[in-house]
Amino acid sequence: MAGFRIGRGRDNNRTPQQPPRQQPYGQQQAPQGPAPYGQQPYPPQQWPQQAAPGGHGEPEYFDPHGGNAGQGQGYGQGPGQGSGGPSDSPGYTQAFAIGEDPYPYNQGGTYQAGAAQAAAPSGPRLPWKELLRGIVTRPGATFLQMRDYAVWGPALIVTFLYGLLAVFGLDDTREDVIKATLSKAVPIVLSAGVAFVICGLVLGAVTHTLARQLGGDGSWQPTVGLSMLVMSLTDVPRLLFALFLSGDNMLVQVLGWVTWVAAGALFTSLISKSHDLPWPKALGAASIQLVALLSIIKLGTI
């Protein structure tokens, strides 16, 4: 009679239990074991894997021209695109070479708020003879060409000489200078020349400040220097006749008003060309200087 041995049977030859295999990344093992009553067993679930654009799951190699080495379609190219440039659609990557600007709209420099872009000079600096001649014969082109050049030398010399002669154009001061001795007359004449230079500097600075307040972008040195030249040159015709005629003379009075209107036109052209302003704003910037010249010089003889 065969006996039964406890713990021994057909399962003794079973191989030792192996640990479960680790699932690859992206796959999830469904729970094992019997499914609940009335339900189907759990099927194995897998996360969908996105295939590489070239197929076969190979890694992609980029070239600087937007394509993939060894593949027909460049990385970042959408449907319907050939071997041209990379796509700008969201989700795609575009390769750039070293030193290449990835933002083509930024070509031309970085924008700086409030920075004025000054125009380049339209020509070389004019000599003092051509400068004085150009203010009278072609003022617009001269002011535009000299908008970035300082003219301190001609401005100071011409204004100082004009101040020396302006003393004799006023009736009261002319009588005082003529009756005074030489030692007293020389300081009066020299002080008048210096006073006109200071007056021209102050009035030119006021005009430049008003032009900048109205939106102008010109430099202060050319503006002040050219305004001094305009102030002096426009009053030369009246002054020449006032030296020999009385200030009450009708011809001197007419020349005074005509030269004052001409000074207003030249100041308007100067501010318009030097500060890139329309003529109404340019005339408004020069208004204080025009009123000051009328009250200081013209009304003294008219």
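The values are calculated or read from the model by the stated rules, or taken from the named source; none is laboratory data. Everything numeric here is computed off the predicted structure, so don't read it as measured data. Glycine gets a Cβ as well: all are built from the backbone with ideal geometry, and neighbour counts include every protein chain shown. Side chains included, ligands, DNA and RNA excluded: accessible areas come from the protein's heavy atoms. Shrake-Rupley method; radii C 1.70, N 1.55, O 1.52, S 1.80 Å.
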* In nm, give the distance between the simple-model label positions of residue 249 and residue 194, each being 7 Å from the Cα along the Cα-to-Cβ direction. => 3.2
* Structure fact -> When the charge dipole of region 158-302 is computed with +1 on Lys and Arg Cβ and -1 on Asp and Glu Cβ about the Cα centre, the Cα farthest towards its positive end, among 254, 158, 272, belongs to 272
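Given the Cα-Cα distance of residue 141 and residue 129 and 0.36 nm per residue of separation, how much length would full extension add, in nm?
Details: separation 12, 0.36 × 12 = 4.32 nm, distance 1.52 nm.
Full-extension gain reported as 2.8 nm.
How much length is gained on full extension from residue 287 to residue 152, taking 0.36 nm per residue of separation minus their Cα-Cα distance? If you can, show how the numbers build up before the last one.
Details: separation 135, 0.36 × 135 = 48.60 nm, distance 2.28 nm.
Here the segment from residue 287 to residue 152 would lengthen by 46.3 nm.
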* **3J(HN,Hα) from dihedral phi, region 138-144, Karplus parametrisation 6.51/-1.76/1.60, rounded to Hz, x for glycine, proline** => 9, x, x, 5, 5, 5, 5
* To the nearest 10 Å², what's residue 273's accessible area with a 1.4 Å probe? -> 80
* To do: Subtract the Cα-Cα distance of residue 236 and residue 176 from 0.36 nm times their separation in residues, and report this length gain in nm to one decimal.
  => 19.4 nm
* **For region 235-245, 3J(HN,Hα) per residue [Karplus equation, 6.51 cos²θ - 1.76 cosθ + 1.60, θ = phi - 60°, Hz, x = Gly/Pro]** => 9, 5, x, 5, 5, 5, 6, 6, 5, 10, 10
* Could you tell me the accessible area of residue 243 in Å² (1.4 Å probe, neighbours in place), rounded to the nearest ten? => 50
* Structure fact -> Note on region 230-292: contact order normalised by length, alpha-carbon pairs under 8 Å, 6 or more apart, percent, works out to 29
